[in-house]
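The values are calculated or read from the model by the stated rules, or taken from the named source; none is laboratory data. Source: prediction; values computed, not measured. Positions of Cβ are generated from backbone atoms using ideal geometry, with glycine treated the same way; all protein chains shown enter the neighbour counts. Ligands, DNA and RNA are stripped out before the accessible areas are found, and what is left, the full protein with its side chains, is counted by its heavy atoms. Shrake-Rupley method; radii C 1.70, N 1.55, O 1.52, S 1.80 Å.
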Amino acid sequence: MMIKETSLRRDPDLRGELAFLARGCDFVLPSRFKKRLKSFQQQQIQNKPEKKPGTPPPCPSPGPSAPSARPPTPPVSSVPAAPPPISVNIPRFYFPKGIPNCGSNFDEAIAKIEAVFVEFEEEKADIYEMAKVTKACCCPLYWKAPMFNCAGGERTGFVSVHSFVAMWRKLLHSCYDDASKFVYLLAKPGCHYLEQEDFIPLLQDIVDTHPGLTFLKDAPEFHSRYITTVIQRIFYTVNRSWTGRMTMMELRKSNFLQTLALLEEEDDINQITDYFSYEHFYVIYCKFWELDTDHDLFIDPKDLARYNDHASSSRIIERVFSGAVTRGNSVQREGRMSYAEFVWFLISEEDKKNPTSIEYWFRCMDLDGDGVLSMFELEFFYREQCERMETMGIEPLPFHDLLCQMLDLVKPKCQGKITLHDLKRCRMAHIFYDTFFNLEKYLDHEQRDPFAVQKDVESEGPEASDWDKYALEEYEILVAEETANEQLQEGSFEEDYESDELTVPTEIGSKKDKLVISDLSA
(Lines give C-alpha, C1' and ligand atoms only; values in the text may rest on other atoms or scores of the structure.)
Protein backbone atom coordinates (compact mmCIF):
# COMPACT_ATOMS: atom_id res chain seq x y z
CA MET A 1 0.00 0.00 0.00
CA MET A 2 1.36 3.40 -1.01
CA ILE A 3 0.72 6.53 0.98
CA LYS A 4 0.16 9.27 -1.55
CA GLU A 5 -0.49 12.16 0.82
CA THR A 6 2.42 14.51 0.79
CA SER A 7 1.52 15.66 4.30
CA LEU A 8 2.51 12.31 5.69
CA ARG A 9 5.92 12.44 4.04
CA ARG A 10 6.55 15.91 5.46
CA ASP A 11 5.56 14.98 8.96
CA PRO A 12 8.63 15.22 11.25
CA ASP A 13 7.59 12.23 13.31
CA LEU A 14 7.31 10.04 10.24
CA ARG A 15 10.67 11.23 8.98
CA GLY A 16 12.18 10.29 12.32
CA GLU A 17 10.68 6.85 12.10
CA LEU A 18 12.07 6.45 8.59
CA ALA A 19 15.51 7.44 9.89
CA PHE A 20 15.27 4.73 12.56
CA LEU A 21 14.22 2.25 9.90
CA ALA A 22 17.31 3.13 7.82
CA ARG A 23 19.52 2.25 10.80
CA GLY A 24 17.90 -1.15 11.19
CA CYS A 25 15.39 -0.27 13.91
CA ASP A 26 11.77 -1.36 13.91
CA PHE A 27 9.31 0.86 12.04
CA VAL A 28 6.55 2.12 14.40
CA LEU A 29 4.01 4.66 13.20
CA PRO A 30 2.62 7.27 15.59
CA SER A 31 -0.96 6.69 16.74
CA ARG A 32 -2.42 9.51 14.65
CA PHE A 33 -1.16 7.94 11.46
CA LYS A 34 -2.45 4.49 12.47
CA LYS A 35 -6.04 5.78 12.54
CA ARG A 36 -5.71 7.32 9.07
CA LEU A 37 -4.22 4.09 7.68
CA LYS A 38 -6.99 2.01 9.18
CA SER A 39 -9.72 4.15 7.63
CA PHE A 40 -7.91 4.05 4.26
CA GLN A 41 -7.79 0.22 4.34
CA GLN A 42 -11.51 -0.03 5.15
CA GLN A 43 -12.37 2.25 2.23
CA GLN A 44 -10.33 0.05 -0.15
CA ILE A 45 -12.26 -3.04 0.99
CA GLN A 46 -15.67 -1.39 0.43
CA ASN A 47 -14.78 -0.28 -3.11
CA LYS A 48 -13.72 -3.85 -4.14
CA PRO A 49 -16.57 -5.59 -6.14
CA GLU A 50 -18.01 -8.80 -4.73
CA LYS A 51 -17.57 -11.94 -6.90
CA LYS A 52 -20.60 -14.23 -7.12
CA PRO A 53 -20.07 -17.97 -7.32
CA GLY A 54 -20.10 -19.27 -10.90
CA THR A 55 -19.61 -15.84 -12.45
CA PRO A 56 -16.74 -15.65 -14.92
CA PRO A 57 -14.11 -13.01 -14.24
CA PRO A 58 -14.72 -9.68 -15.93
CA CYS A 59 -13.01 -9.09 -19.22
CA PRO A 60 -10.31 -6.48 -19.12
CA SER A 61 -11.43 -3.19 -20.65
CA PRO A 62 -9.68 -2.34 -23.86
CA GLY A 63 -7.14 0.38 -23.53
CA PRO A 64 -6.87 3.42 -25.75
CA SER A 65 -6.28 2.79 -29.40
CA ALA A 66 -2.99 4.59 -29.37
CA PRO A 67 -0.36 2.66 -31.31
CA SER A 68 2.04 0.88 -29.02
CA ALA A 69 5.66 0.26 -29.91
CA ARG A 70 6.43 -3.42 -30.65
CA PRO A 71 9.57 -4.75 -28.98
CA PRO A 72 12.36 -5.60 -31.40
CA THR A 73 12.73 -9.25 -32.49
CA PRO A 74 15.89 -10.84 -31.09
CA PRO A 75 18.39 -11.98 -33.73
CA VAL A 76 18.38 -15.66 -34.68
CA SER A 77 21.20 -17.51 -32.99
CA SER A 78 23.74 -19.01 -35.36
CA VAL A 79 24.91 -21.71 -32.88
CA PRO A 80 24.32 -25.19 -34.42
CA ALA A 81 22.11 -27.63 -32.51
CA ALA A 82 23.85 -30.48 -30.68
CA PRO A 83 23.69 -33.78 -32.59
CA PRO A 84 21.85 -36.69 -30.99
CA PRO A 85 24.02 -39.02 -28.87
CA ILE A 86 25.67 -41.81 -30.82
CA SER A 87 24.92 -45.31 -29.52
CA VAL A 88 28.15 -47.18 -28.75
CA ASN A 89 28.11 -50.93 -29.29
CA ILE A 90 30.23 -52.43 -26.48
CA PRO A 91 31.18 -56.03 -27.30
CA ARG A 92 30.36 -58.69 -24.73
CA PHE A 93 33.28 -59.38 -22.44
CA TYR A 94 31.86 -61.69 -19.73
CA PHE A 95 31.35 -65.34 -20.61
CA PRO A 96 30.63 -67.36 -17.44
CA LYS A 97 30.40 -70.61 -19.41
CA GLY A 98 33.30 -70.01 -21.76
CA ILE A 99 33.74 -68.12 -25.02
CA PRO A 100 31.48 -69.56 -27.76
CA ASN A 101 33.26 -70.99 -30.78
CA CYS A 102 31.30 -69.89 -33.83
CA GLY A 103 33.25 -72.19 -36.12
CA SER A 104 32.46 -75.40 -34.24
CA ASN A 105 30.44 -78.02 -36.09
CA PHE A 106 28.03 -79.62 -33.62
CA ASP A 107 26.49 -81.93 -36.22
CA GLU A 108 29.85 -83.48 -36.94
CA ALA A 109 30.45 -84.11 -33.23
CA ILE A 110 27.01 -85.71 -32.86
CA ALA A 111 27.67 -87.91 -35.90
CA LYS A 112 30.81 -89.32 -34.24
CA ILE A 113 28.85 -90.18 -31.11
CA GLU A 114 26.09 -91.90 -33.09
CA ALA A 115 28.70 -93.93 -34.95
CA VAL A 116 30.06 -95.23 -31.64
CA PHE A 117 26.60 -96.23 -30.37
CA VAL A 118 26.02 -98.28 -33.52
CA GLU A 119 28.66 -100.71 -32.26
CA PHE A 120 26.66 -101.45 -29.09
CA GLU A 121 23.78 -103.86 -28.78
CA GLU A 122 20.46 -102.06 -29.39
CA GLU A 123 22.51 -98.85 -29.49
CA LYS A 124 22.66 -98.78 -25.70
CA ALA A 125 25.79 -98.38 -23.57
CA ASP A 126 26.44 -99.38 -19.97
CA ILE A 127 28.98 -97.77 -17.65
CA TYR A 128 31.82 -100.01 -18.91
CA GLU A 129 31.16 -99.12 -22.56
CA MET A 130 31.08 -95.40 -21.83
CA ALA A 131 34.85 -95.17 -22.31
CA LYS A 132 34.43 -95.25 -26.10
CA VAL A 133 31.66 -92.65 -25.93
CA THR A 134 33.83 -90.40 -23.79
CA LYS A 135 36.62 -90.52 -26.34
CA ALA A 136 34.16 -89.76 -29.15
CA CYS A 137 33.18 -86.62 -27.18
CA CYS A 138 36.88 -85.63 -26.90
CA CYS A 139 36.72 -85.71 -23.10
CA PRO A 140 39.04 -87.28 -20.49
CA LEU A 141 38.42 -90.95 -19.74
CA TYR A 142 37.20 -90.49 -16.18
CA TRP A 143 34.37 -88.19 -17.23
CA LYS A 144 32.49 -91.33 -18.24
CA ALA A 145 30.60 -91.81 -14.97
CA PRO A 146 29.30 -88.20 -14.82
CA MET A 147 28.30 -88.39 -18.49
CA PHE A 148 26.56 -91.72 -17.89
CA ASN A 149 24.58 -90.38 -14.92
CA CYS A 150 23.72 -87.07 -16.58
CA ALA A 151 22.16 -88.93 -19.53
CA GLY A 152 19.93 -90.97 -17.20
CA GLY A 153 22.05 -94.10 -16.91
CA GLU A 154 22.00 -94.10 -13.12
CA ARG A 155 18.23 -94.78 -13.15
CA THR A 156 18.07 -97.36 -15.94
CA GLY A 157 21.53 -98.93 -15.89
CA PHE A 158 22.19 -98.04 -19.52
CA VAL A 159 22.15 -95.04 -21.86
CA SER A 160 20.46 -95.05 -25.25
CA VAL A 161 21.81 -93.15 -28.20
CA HIS A 162 18.78 -90.82 -28.26
CA SER A 163 19.01 -89.83 -24.58
CA PHE A 164 22.76 -89.27 -24.74
CA VAL A 165 22.66 -87.25 -27.97
CA ALA A 166 19.88 -85.05 -26.58
CA MET A 167 21.90 -84.41 -23.42
CA TRP A 168 25.15 -83.77 -25.27
CA ARG A 169 23.56 -81.45 -27.83
CA LYS A 170 22.09 -79.35 -25.04
CA LEU A 171 25.49 -79.24 -23.34
CA LEU A 172 27.28 -78.13 -26.51
CA HIS A 173 24.85 -75.26 -27.04
CA SER A 174 25.25 -73.92 -23.49
CA CYS A 175 28.79 -74.80 -22.31
CA TYR A 176 31.92 -73.83 -24.20
CA ASP A 177 34.90 -74.86 -22.05
CA ASP A 178 35.93 -77.82 -19.89
CA ALA A 179 35.05 -76.18 -16.58
CA SER A 180 31.47 -75.36 -17.57
CA LYS A 181 30.97 -78.81 -19.14
CA PHE A 182 32.31 -80.53 -16.02
CA VAL A 183 29.98 -78.56 -13.75
CA TYR A 184 27.04 -79.25 -16.06
CA LEU A 185 27.67 -83.01 -15.88
CA LEU A 186 28.17 -83.26 -12.12
CA ALA A 187 25.95 -80.55 -10.64
CA LYS A 188 22.37 -80.98 -9.54
CA PRO A 189 19.71 -79.70 -11.98
CA GLY A 190 19.56 -75.92 -11.95
CA CYS A 191 22.82 -75.51 -10.02
CA HIS A 192 25.89 -73.73 -11.39
CA TYR A 193 28.25 -74.98 -8.67
CA LEU A 194 29.49 -78.28 -7.26
CA GLU A 195 29.06 -79.58 -3.73
CA GLN A 196 31.03 -82.34 -2.07
CA GLU A 197 28.51 -85.12 -2.66
CA ASP A 198 28.50 -84.36 -6.40
CA PHE A 199 32.00 -85.89 -6.69
CA ILE A 200 31.07 -89.30 -5.25
CA PRO A 201 30.06 -91.03 -8.55
CA LEU A 202 33.20 -89.75 -10.28
CA LEU A 203 35.54 -90.95 -7.52
CA GLN A 204 33.75 -94.28 -7.09
CA ASP A 205 34.35 -94.98 -10.76
CA ILE A 206 38.05 -94.16 -10.28
CA VAL A 207 38.26 -96.56 -7.35
CA ASP A 208 36.54 -99.30 -9.37
CA THR A 209 38.46 -98.97 -12.62
CA HIS A 210 41.86 -97.32 -12.11
CA PRO A 211 44.70 -99.86 -12.36
CA GLY A 212 46.55 -98.25 -9.44
CA LEU A 213 43.66 -99.00 -7.06
CA THR A 214 42.84 -102.58 -7.97
CA PHE A 215 43.95 -103.78 -4.51
CA LEU A 216 41.03 -101.84 -2.99
CA LYS A 217 38.53 -104.25 -4.54
CA ASP A 218 39.23 -106.64 -1.65
CA ALA A 219 38.70 -103.86 0.93
CA PRO A 220 35.37 -102.18 0.16
CA GLU A 221 35.21 -100.67 3.66
CA PHE A 222 38.03 -98.30 2.65
CA HIS A 223 36.29 -97.05 -0.49
CA SER A 224 34.26 -94.41 1.30
CA ARG A 225 37.23 -93.26 3.39
CA TYR A 226 39.48 -92.89 0.37
CA ILE A 227 36.72 -90.99 -1.46
CA THR A 228 36.18 -88.73 1.57
CA THR A 229 39.90 -87.95 1.69
CA VAL A 230 40.08 -87.07 -2.01
CA ILE A 231 36.96 -84.87 -1.80
CA GLN A 232 38.36 -82.94 1.15
CA ARG A 233 41.69 -82.44 -0.62
CA ILE A 234 39.88 -81.20 -3.73
CA PHE A 235 37.85 -78.63 -1.81
CA TYR A 236 40.84 -77.69 0.35
CA THR A 237 42.77 -76.67 -2.77
CA VAL A 238 40.09 -75.55 -5.24
CA ASN A 239 37.30 -74.01 -3.17
CA ARG A 240 39.16 -70.82 -2.29
CA SER A 241 35.96 -69.07 -1.19
CA TRP A 242 35.39 -71.49 1.75
CA THR A 243 31.70 -71.72 0.80
CA GLY A 244 31.49 -75.45 0.18
CA ARG A 245 30.29 -74.63 -3.34
CA MET A 246 32.87 -74.95 -6.08
CA THR A 247 32.29 -72.52 -8.95
CA MET A 248 33.41 -72.67 -12.59
CA MET A 249 35.85 -69.83 -11.99
CA GLU A 250 37.50 -71.72 -9.15
CA LEU A 251 37.84 -74.77 -11.38
CA ARG A 252 39.48 -72.71 -14.11
CA LYS A 253 42.00 -71.25 -11.66
CA SER A 254 42.97 -74.67 -10.27
CA ASN A 255 44.79 -77.65 -11.75
CA PHE A 256 42.11 -80.18 -10.89
CA LEU A 257 40.80 -80.88 -14.40
CA GLN A 258 44.35 -81.26 -15.71
CA THR A 259 45.19 -83.65 -12.85
CA LEU A 260 42.02 -85.64 -13.49
CA ALA A 261 43.05 -86.07 -17.13
CA LEU A 262 46.47 -87.40 -16.01
CA LEU A 263 44.83 -90.41 -14.34
CA GLU A 264 44.28 -91.88 -17.78
CA GLU A 265 47.99 -91.73 -18.60
CA GLU A 266 49.51 -92.76 -15.23
CA ASP A 267 48.89 -96.28 -13.93
CA ASP A 268 50.68 -95.63 -10.62
CA ILE A 269 48.24 -93.37 -8.82
CA ASN A 270 50.84 -92.51 -6.17
CA GLN A 271 52.78 -90.58 -8.79
CA ILE A 272 49.92 -88.08 -8.88
CA THR A 273 50.45 -86.48 -5.49
CA ASP A 274 47.72 -83.88 -6.01
CA TYR A 275 44.35 -85.08 -4.71
CA PHE A 276 44.48 -88.81 -5.65
CA SER A 277 47.61 -90.34 -4.07
CA TYR A 278 46.79 -93.45 -2.07
CA GLU A 279 49.96 -93.06 -0.01
CA HIS A 280 48.78 -89.65 1.15
CA PHE A 281 45.42 -91.14 2.09
CA TYR A 282 47.21 -93.90 4.00
CA VAL A 283 49.20 -91.36 6.02
CA ILE A 284 46.16 -89.24 6.85
CA TYR A 285 44.01 -92.17 7.85
CA CYS A 286 46.71 -93.77 10.00
CA LYS A 287 47.26 -90.49 11.86
CA PHE A 288 43.53 -90.23 12.51
CA TRP A 289 43.30 -93.87 13.57
CA GLU A 290 46.04 -93.33 16.17
CA LEU A 291 44.08 -90.47 17.75
CA ASP A 292 40.64 -92.10 17.49
CA THR A 293 41.02 -94.52 20.38
CA ASP A 294 37.40 -95.73 20.35
CA HIS A 295 37.41 -95.93 16.51
CA ASP A 296 34.05 -94.25 16.01
CA LEU A 297 35.55 -91.95 13.34
CA PHE A 298 35.26 -88.92 15.66
CA ILE A 299 37.86 -87.29 17.91
CA ASP A 300 37.47 -84.77 20.73
CA PRO A 301 39.83 -81.96 21.83
CA LYS A 302 41.77 -84.31 24.13
CA ASP A 303 42.37 -86.72 21.27
CA LEU A 304 43.48 -83.96 18.91
CA ALA A 305 45.83 -82.50 21.56
CA ARG A 306 47.78 -85.79 21.52
CA TYR A 307 48.77 -85.25 17.89
CA ASN A 308 52.53 -85.00 17.43
CA ASP A 309 53.12 -85.47 21.16
CA HIS A 310 51.09 -82.42 22.29
CA ALA A 311 53.00 -80.05 20.03
CA SER A 312 50.02 -77.72 19.53
CA SER A 313 48.86 -75.48 22.35
CA SER A 314 45.56 -76.06 24.08
CA ARG A 315 44.33 -72.60 23.14
CA ILE A 316 44.70 -73.22 19.42
CA ILE A 317 42.98 -76.61 19.85
CA GLU A 318 40.06 -74.80 21.47
CA ARG A 319 39.88 -72.42 18.53
CA VAL A 320 39.82 -75.32 16.06
CA PHE A 321 36.80 -76.73 17.88
CA SER A 322 35.15 -73.30 18.20
CA GLY A 323 33.72 -73.45 14.68
CA ALA A 324 36.12 -70.90 13.21
CA VAL A 325 37.35 -73.33 10.53
CA THR A 326 34.56 -75.92 10.38
CA ARG A 327 31.18 -75.94 8.68
CA GLY A 328 27.99 -76.63 10.58
CA ASN A 329 27.35 -76.59 14.30
CA SER A 330 28.20 -80.23 15.08
CA VAL A 331 31.76 -79.42 16.17
CA GLN A 332 30.67 -76.68 18.55
CA ARG A 333 27.56 -78.48 19.79
CA GLU A 334 28.98 -81.96 20.21
CA GLY A 335 32.66 -81.12 20.65
CA ARG A 336 33.69 -83.76 18.11
CA MET A 337 35.71 -83.58 14.91
CA SER A 338 34.96 -85.88 11.99
CA TYR A 339 37.52 -87.51 9.75
CA ALA A 340 36.76 -85.04 6.94
CA GLU A 341 37.56 -82.09 9.23
CA PHE A 342 40.74 -83.80 10.41
CA VAL A 343 41.99 -83.89 6.81
CA TRP A 344 41.87 -80.08 6.74
CA PHE A 345 43.59 -79.86 10.13
CA LEU A 346 46.44 -82.21 9.23
CA ILE A 347 47.26 -80.58 5.89
CA SER A 348 47.10 -77.13 7.48
CA GLU A 349 49.33 -78.19 10.36
CA GLU A 350 52.02 -79.77 8.21
CA ASP A 351 52.06 -77.20 5.38
CA LYS A 352 51.63 -73.68 6.74
CA LYS A 353 52.92 -72.20 3.47
CA ASN A 354 49.79 -73.27 1.62
CA PRO A 355 47.33 -70.36 0.99
CA THR A 356 44.44 -72.32 2.49
CA SER A 357 46.55 -73.18 5.53
CA ILE A 358 47.42 -69.50 6.05
CA GLU A 359 43.71 -68.68 5.98
CA TYR A 360 42.93 -71.65 8.27
CA TRP A 361 45.22 -70.53 11.07
CA PHE A 362 44.40 -66.85 10.61
CA ARG A 363 40.76 -67.67 11.31
CA CYS A 364 41.82 -69.53 14.45
CA MET A 365 43.97 -66.68 15.79
CA ASP A 366 41.47 -63.94 14.94
CA LEU A 367 39.51 -64.22 18.20
CA ASP A 368 37.03 -61.38 17.54
CA GLY A 369 36.68 -62.04 13.82
CA ASP A 370 37.51 -58.49 12.75
CA GLY A 371 39.97 -59.59 10.05
CA VAL A 372 42.99 -58.25 11.97
CA LEU A 373 45.39 -59.87 14.44
CA SER A 374 45.81 -57.40 17.27
CA MET A 375 48.62 -57.32 19.80
CA PHE A 376 46.22 -58.63 22.44
CA GLU A 377 45.46 -61.72 20.37
CA LEU A 378 49.15 -62.39 19.77
CA GLU A 379 49.91 -62.09 23.47
CA PHE A 380 46.98 -64.39 24.27
CA PHE A 381 48.51 -67.25 22.31
CA TYR A 382 52.14 -66.53 23.22
CA ARG A 383 51.40 -66.58 26.95
CA GLU A 384 50.79 -70.33 26.87
CA GLN A 385 53.97 -70.85 24.88
CA CYS A 386 55.91 -69.07 27.64
CA GLU A 387 54.33 -71.25 30.32
CA ARG A 388 55.25 -74.41 28.45
CA MET A 389 58.83 -73.26 27.90
CA GLU A 390 59.23 -72.40 31.57
CA THR A 391 58.00 -75.89 32.44
CA MET A 392 60.71 -77.32 30.19
CA GLY A 393 63.36 -75.11 31.82
CA ILE A 394 63.72 -72.80 28.82
CA GLU A 395 63.77 -69.07 29.41
CA PRO A 396 61.18 -67.54 27.06
CA LEU A 397 61.73 -64.35 25.15
CA PRO A 398 59.75 -61.40 26.57
CA PHE A 399 56.64 -60.64 24.55
CA HIS A 400 57.78 -57.12 23.69
CA ASP A 401 61.02 -58.43 22.16
CA LEU A 402 59.21 -61.23 20.35
CA LEU A 403 56.65 -58.76 19.02
CA CYS A 404 59.42 -56.65 17.50
CA GLN A 405 60.78 -59.75 15.78
CA MET A 406 57.36 -60.71 14.38
CA LEU A 407 56.65 -57.21 13.11
CA ASP A 408 60.03 -57.15 11.38
CA LEU A 409 59.22 -60.57 9.93
CA VAL A 410 55.75 -59.73 8.61
CA LYS A 411 56.20 -55.99 7.94
CA PRO A 412 52.49 -55.12 8.18
CA LYS A 413 51.22 -52.13 6.21
CA CYS A 414 49.20 -50.83 9.17
CA GLN A 415 51.30 -50.42 12.31
CA GLY A 416 50.18 -52.62 15.18
CA LYS A 417 47.77 -54.70 13.05
CA ILE A 418 48.54 -57.83 11.05
CA THR A 419 46.16 -58.75 8.24
CA LEU A 420 45.78 -61.88 6.17
CA HIS A 421 47.26 -60.08 3.18
CA ASP A 422 50.36 -59.20 5.23
CA LEU A 423 50.97 -62.85 6.12
CA LYS A 424 50.56 -64.04 2.53
CA ARG A 425 52.83 -61.31 1.23
CA CYS A 426 55.70 -61.87 3.67
CA ARG A 427 56.05 -65.61 2.79
CA MET A 428 57.03 -66.30 6.41
CA ALA A 429 53.61 -67.29 7.72
CA HIS A 430 54.79 -70.75 8.78
CA ILE A 431 57.37 -69.25 11.15
CA PHE A 432 54.85 -66.72 12.44
CA TYR A 433 52.19 -69.35 13.24
CA ASP A 434 54.59 -71.87 14.81
CA THR A 435 55.86 -69.14 17.12
CA PHE A 436 52.47 -68.69 18.71
CA PHE A 437 50.98 -72.20 18.98
CA ASN A 438 53.41 -74.99 17.98
CA LEU A 439 56.24 -75.19 20.49
CA GLU A 440 58.18 -78.01 18.86
CA LYS A 441 58.39 -76.33 15.46
CA TYR A 442 59.05 -72.95 17.09
CA LEU A 443 62.14 -74.34 18.83
CA ASP A 444 63.27 -75.91 15.55
CA HIS A 445 63.02 -72.55 13.81
CA GLU A 446 65.03 -70.91 16.59
CA GLN A 447 67.88 -73.40 16.13
CA ARG A 448 68.03 -73.05 12.34
CA ASP A 449 70.35 -70.72 10.52
CA PRO A 450 68.37 -67.57 9.59
CA PHE A 451 70.23 -67.30 6.28
CA ALA A 452 69.16 -70.84 5.38
CA VAL A 453 65.55 -69.92 6.16
CA GLN A 454 65.77 -66.86 3.93
CA LYS A 455 67.29 -68.98 1.15
CA ASP A 456 64.41 -71.43 1.33
CA VAL A 457 61.91 -68.59 1.05
CA GLU A 458 63.62 -66.97 -1.93
CA SER A 459 63.94 -70.19 -3.93
CA GLU A 460 61.62 -70.09 -6.94
CA GLY A 461 62.16 -73.56 -8.36
CA PRO A 462 59.46 -76.27 -8.60
CA GLU A 463 60.16 -77.61 -5.13
CA ALA A 464 57.89 -80.15 -3.48
CA SER A 465 55.46 -78.69 -0.97
CA ASP A 466 55.85 -79.21 2.77
CA TRP A 467 52.84 -81.51 2.67
CA ASP A 468 54.36 -83.73 -0.02
CA LYS A 469 57.60 -83.97 1.97
CA TYR A 470 55.75 -84.80 5.17
CA ALA A 471 53.55 -87.44 3.51
CA LEU A 472 56.56 -89.11 1.88
CA GLU A 473 58.53 -89.29 5.13
CA GLU A 474 55.59 -90.51 7.19
CA TYR A 475 54.65 -93.14 4.63
CA GLU A 476 58.18 -94.56 4.70
CA ILE A 477 58.09 -94.64 8.51
CA LEU A 478 54.71 -96.39 8.55
CA VAL A 479 55.84 -98.97 5.99
CA ALA A 480 59.05 -99.60 7.95
CA GLU A 481 57.08 -100.09 11.17
CA GLU A 482 54.67 -102.46 9.47
CA THR A 483 57.53 -104.45 7.96
CA ALA A 484 59.24 -104.67 11.34
CA ASN A 485 56.05 -105.94 12.95
CA GLU A 486 55.66 -108.59 10.28
CA GLN A 487 59.25 -109.73 10.79
CA LEU A 488 58.71 -109.88 14.54
CA GLN A 489 55.60 -111.97 14.05
CA GLU A 490 57.43 -114.31 11.66
CA GLY A 491 60.25 -114.59 14.20
CA SER A 492 57.78 -115.53 16.90
CA PHE A 493 56.48 -118.38 14.77
CA GLU A 494 60.03 -119.66 14.31
CA GLU A 495 60.56 -119.53 18.06
CA ASP A 496 57.50 -121.74 18.49
CA TYR A 497 59.19 -124.49 16.49
CA GLU A 498 62.50 -124.09 18.34
CA SER A 499 60.93 -124.04 21.80
CA ASP A 500 60.50 -127.86 21.83
CA GLU A 501 64.28 -128.30 22.12
CA LEU A 502 64.61 -125.78 24.97
CA THR A 503 64.39 -126.38 28.70
CA VAL A 504 61.37 -125.39 30.69
CA PRO A 505 62.75 -122.09 32.17
CA THR A 506 63.83 -120.92 28.74
CA GLU A 507 60.38 -121.70 27.33
CA ILE A 508 58.75 -119.60 30.00
CA GLY A 509 61.10 -116.73 29.27
CA SER A 510 60.34 -116.87 25.53
CA LYS A 511 56.61 -116.68 26.29
CA LYS A 512 57.16 -113.55 28.32
CA ASP A 513 59.06 -112.01 25.39
CA LYS A 514 56.19 -112.88 23.06
CA LEU A 515 53.71 -111.16 25.36
CA VAL A 516 55.75 -107.98 25.31
CA ILE A 517 56.01 -108.08 21.52
CA SER A 518 52.27 -108.62 21.15
CA ASP A 519 51.55 -105.66 23.43
CA LEU A 520 53.74 -103.39 21.33
CA SER A 521 52.25 -104.56 18.08
CA ALA A 522 48.74 -104.03 19.42
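Couple of notes before you dig in:
- With all protein chains in place and a 1.4 Å probe, the accessible surface of segment 103-174 carries 54 percent carbon and sulfur.
- Summing +1 for each Lys or Arg and -1 for each Asp or Glu among the other residues whose beta-carbon sits under 14 angstrom from that of K170 gives +3.
- Spatial separation of Cα centroids for segment 224-238 and segment 306-324, in angstrom: 22
- Sites listed here are chymotrypsin sites (Phe, Trp or Tyr not before Pro) in segment 208-297 whose DSSP assignment is loop and whose Cβ has at most 14 other Cβ atoms within 10 Å: W242.
- Hz values of 3J(HN,Hα) by residue in segment 293-299 - Karplus curve (6.51, -1.76, 1.60), Gly and Pro given as x: 5, 8, 6, 9, 6, 9, 10
- Loop-resident sites, segment 319-426, for trypsin sites (Lys or Arg not before Pro), counting at most 11 other Cβ within 10 Å (DSSP): K413
- Residue-normalised accessible area of segment 291-411, given per residue in Å² at a 1.4 Å probe: 46
- Taking each residue as 0.36 nm, the span from D268 to D296 lengthens on full extension beyond its C-alpha to C-alpha distance by 6.9 nm.
- Radius 14 Å from Cβ of F222, net charge of other residues (Lys, Arg +1; Asp, Glu -1): -2
- Per residue accessible area in Å² of segment 103-174, where ligands, DNA and RNA are left out and the probe is 1.4 Å: 52
- Percent carbon-and-sulfur accessible area, segment 292-451, ignoring ligands, DNA and RNA, probe 1.4 Å: 52
- D466-E197 FRET efficiency (beta carbon distance; Förster radius 30 Å; 0.05 resolution): 0.50
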